[in-house]
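The values are calculated or read from the model by the stated rules, or taken from the named source; none is laboratory data. Please read all numbers here as calculations on a predicted model, not as lab measurements. Cβ coordinates were reconstructed from backbone atoms using ideal geometry, including for glycine residues, and neighbour counts include every protein chain displayed. Side chains are part of the model used for accessible areas, which takes the heavy atoms of the whole protein and leaves out ligands, DNA and RNA. Shrake-Rupley method; radii C 1.70, N 1.55, O 1.52, S 1.80 Å.
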Amino acid sequence: MRVDLGVLGPVAAWDETGDAVPLRGPRHRAVLARLLVARRRVVPVSRLVRDLWDEPPADAVGALRTFVAGLRRCLEPDRPPRAPARLLVTDGPGYALRAAPGQVDAWRFEHAVDTGAGLPPAARVDRLTTALEHWRGPAYADVADAPWARAECARLAELRLRAVELRAEARITLGSAAEAVPELDAHVTEHPWREDAWHLLVLALYRSGRQADALSVLRRARRTLGEHLGVEPGPRLRRLETDVLRQAEHLDPGPGGTAERVWALATAAYEHTVPSRARARLESAAVLMRDLAVTGGGGLEAARRHRVAAVAAAEQTGDPELTARVIGIYDVPAVWTRSDDPAEARWLVDAAERTLRRLPAGRLDAARGRLLATIAVESRGTLPTEPAASGTGARAPQAARQAERIARRLNDPSLLAFALNGVFMQTFTRAGLAARRDAIGAELLALSAPGHLVTYEVLGHLVRLQARCALADFAAADRHAAAADELSVRHELPLVSVFTTWYRALRASLTRPLHAAESAYEEAEATLAGAGMPGLERGLLPLARLCLYVRHGAVDRVAELGGRADWGPYDPWVRPVLLRSRGDDEGARAALRDLASPPRDLLFEALWCLVADAAAGVGERTVMRRARAQLAPAAAELGGAGSGLLTLGPVSERLDALDAALAGHPG
C-alpha cells in the first residue's frame, strides 16, 4: 500500500485511495514529524528522546520503540510479520523515514515552486496554483512550537509566500492584473514587511486602470513599514511611486497583457457574432482542445474530455463532413504507446470508423486521411500480443498506411506528419525496430521545421531520442533531448520536460552510482504528478527501479522492492522475477508457464528481458525459447532503452545467457 504523508497543516497520512490513515496519538505524530524534518536522514534514538521529551522518562527508549512500532503498523499495514520495514526503517543507531519525494506534500510543494519559477507565465500559474492547494494550515501545525520544527516551519512558510508572489507576478504578466489584486491585498495585510508584495499590488492596481488606488496603496505601504519595522520603503518601491505618478511607459501592460486584451475582444466578438448552436462552434472548440492538450496537466485532461463531447455533438448533427473535421482537427502528437484512457480511445476509433463509412465516396481525401490517422494513433497499444492470423488485428496498421499514402499523394505536410505519428504507433509488430522508428523521426523533423509544425518537430526529436537510445547512440540522443527542451521553452510546451527528464534519469542509470541513479529516477517521477498522463505514470517508477537493480545485480533490493510497489500494467511480467528474488522458484515457474506476451509497445523488449532472466534462473525451457525468439531481432539494441526511460542493458547479453541456460538444461 502506498502512503502519502502531509505536513502542510496538521501531520497526516492518506492511503492510496485518499482515505486518512489513523496515526494514533500526538507522540506518534511527533515521531513521524521529527523523521520527516530529517528528510530521509537517520535520527539517532538518543536525539529523538531529547527532542520528544523536555524531561525524558526512565523508559523513554522503550516508549519510543512502541511509538515506532505503532507507526509502522499504521503506515505499512500489509507488511508480513517479521518482514523488514520499508518506509520507517531502523538504520544503525536510529530511525529514518525513507519516503519518496512524491510521497510528502511539503517535498512536492518545494519541487513545484522550484520548477515553477522558471516556467512561462501561464504554466507557472497552473503549477503554483496546484502546489498551493496542498496547504491545509500552518506547516507541522501539531508540533510547530517544538524547537526542532521551527526552522523547517519558517522555511516552508517563506516558500509559500514566495509561491503566492510568483503566481501573482505571472498573472500580472499575463494581463490578469485585476484577478491578482484581491489575493495580493490580503497578502500584504497579513505580511506587511514584504516589500515585493507591496510592489506587485501597486503594479496590479495600476495595470487594472486604478492609478489612484495604486498611489493610495503606496502611501499605506510607507505608513505600515514605518509602524511595523521603523523603516522607509526601499529604493525599488520608491522608484515605483515615482513611475506611477508620471505614468511611466514601462508600467503599461506588456505583450502578455496585450494578448489578454486581444483575446477578450476576440472572444466577445465571437460570442456576439456566431449563433450559440452554430456548427462553427464545434470546429472552433476542437481547435481550442487541440491547443489546450499541449499545455499539460489539467489542460490535457480537459482537452480529452471536451474533445469527446465535441465529437458526440458533431455526430448528432447528422453531418459526416462536419464530424470528420471535428475529429481530424485534433492532431495532437503522441509519443507514448499506451493510451491514457483506453475506453475513450476505443470510442473515438469507433466514431472515426462510423464517420469514414458515411463520407461521400470519391472525394474529401484529406478528411479521410485525418480520420485514418486518428484511428492509427488512438489504436496505440492494441497490436496483438502474439503474431496475428491473416487479417486479424491488422486494421490500425492498415489505417496508418492508408493515411500515409493519402498524405503523400496530396503533398500535405501537416497531414503527413499526423499520418507518420500513426505509422510510428504501429511500428511495434516485433522487437528490434528502432532503426525504422528513427527514420520516421527523421522524416518528421524534415517536414516540421520548414512547415513550422512545432509540436511535430518536438515529436520528431522525442522519437529519435528513443530510437538512438535503443541503438546506444547517446550523443545523438543528448542532442535531440536538448533540441526538444529548447522548443518546449520557446513555445510553452511543458509536457516535453517529462520525457527529457526521464531520459536524463536513464542516462544517469548508465553512468552514475546506484544511489545517484535512484535519486534521478525519483526526480523524474515527480514530473508525472499532475501531468495528466496516467497511461505513462502507473507502475513506471517501480519498473525503472527494478531494471536498475537487475542490471546492478542487487537481488536484495529487488526482493525489497517487490513487497511494496504498485506495478500497474506491468505486474504479470515482473512477478516471476520478484518470486525468484524471494527464493520461490516454484512460484516463478508457475507464473512463467501461464504468461502471455507483453504488449507490443515501447516496453516490449524490457519486459521480455525480465521474463528471460526469470526463465533462465529457474530452467523453464519453453519460456526461454519464447523469450529468445522474441528478443532475437533486437540483438543489436539495448533492452528497453527504446522507451527513452529505462534499460536492462544489451539484448545480446540476454541472448547469450539464454543460449547458455538452454545448453545447460537439455530436455
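Projecting the Cα atoms of Ala526, Leu292, Ala403 onto the charge dipole of the chain (Cβ charges, centred on the Cα centre) puts Ala403 farthest toward the positive pole.
Rg/Rh for segment 328-422 (Cα atoms only, Rh after Kirkwood) is 0.96. Near Val104, the amide H atoms lying under 5 Å from its own belong to Leu5; only residues 5 or more places off or on other chains count, and H is placed 1.01 Å from N. Taken about its Cα centre, the chain carries a charge dipole of roughly 800 debye when the Cβ of each Lys and Arg holds +1 and the Cβ of each Asp and Glu holds -1.
Taking the Kirkwood radius as Rh and the Cα radius of gyration as Rg, segment 396-475 has a ratio of Rg/Rh equal to 0.98. Counting charges near His187 (Lys, Arg +1; Asp, Glu -1) among other residues having Cβ under 15 Å from its Cβ returns a value of -3. Using heavy atoms of the protein chains and a probe of 1.4 Å, the accessible area assigned to Thr17 is about 100 Å². Put simply, the Cα atoms of segment 40-197 extend 60, 35, 21 Å along their principal axes, the longest span coming first.
Here's the picture: charge each Lys and Arg Cβ at +1 and each Asp and Glu Cβ at -1 in the chain, and of Leu282, Ser176, Leu471 the one pushed furthest to the positive end of that dipole is Leu471.
Show log10 I(q)/I(0) for segment 141-243 at q = 0.24 Å⁻¹, two decimals, from a solvent-free Debye sum over equal Cα scatterers. Debye intensities relative to I(0), on a log10 scale: -1.25.
With helices as the sole contributors, the chain gives -21000 deg cm²/dmol at 222 nm; each DSSP H run of n ≥ 4 counts as -39500 (n - 2.57), and the sum is divided by every residue. Using the Karplus relation 6.51 cos²θ - 1.76 cosθ + 1.60 with θ = phi - 60°, the per-residue 3J(HN,Hα) values for segment 587-594 come to x, 5, 4, 4, 5, 5, 5, 9 Hz, with x marking Gly and Pro. Taking the charge dipole of the chain about its Cα centre, with +1 at Lys and Arg Cβ atoms and -1 at Asp and Glu Cβ atoms, the residue from Gly640, Ala663, Val651 reaching farthest to the positive side is Ala663. About its Cα centre, segment 447-522 has a charge dipole of approximately 180 debye under the convention of +1 per Lys or Arg Cβ and -1 per Asp or Glu Cβ, with nothing else charged. Checking [x] 49, 37, 24; [y] 45, 41, 20; [z] 59, 26, 21 against semi-axes √(5λ) of the Cα gyration tensor in Å calculated from these atoms, the matching label is [y]. Fully extending the segment from Val274 to Val489, taken as 0.36 nm per residue of separation minus the present Cα-Cα distance, adds 73.9 nm.
Across the protein chains, with a 1.4 Å probe defining accessible surface, the residues His28, His552, His134 rank His552, His134, His28 from largest area downward. Every pair of different Cα atoms in segment 76-150 enters the Kirkwood calculation, which places the hydrodynamic radius at 15.3 Å. Structural size metrics of segment 3-105, computed from C-alpha coordinates, are Rg and Dmax of 13.1, 40 Å.
Considering segment 486-575 at the alpha-carbon level, its Rg and Dmax are found to be 14.1, 45 Å.
Computed as a quarter of the hull surface, the mean projected area of the alpha carbon convex hull for segment 567-667 stands at 6.0 nm². Applying 0.36 nm per residue to the separation of Glu179 and Arg430 and subtracting their alpha-carbon distance, the gain on full extension is 85.0 nm. Accessible area per residue was computed with a 1.4 Å probe on protein heavy atoms; Thr130 scores about 80 Å². Counting only protein heavy atoms and using a 1.4 Å probe, the accessible area of Glu190 comes to about 130 Å².
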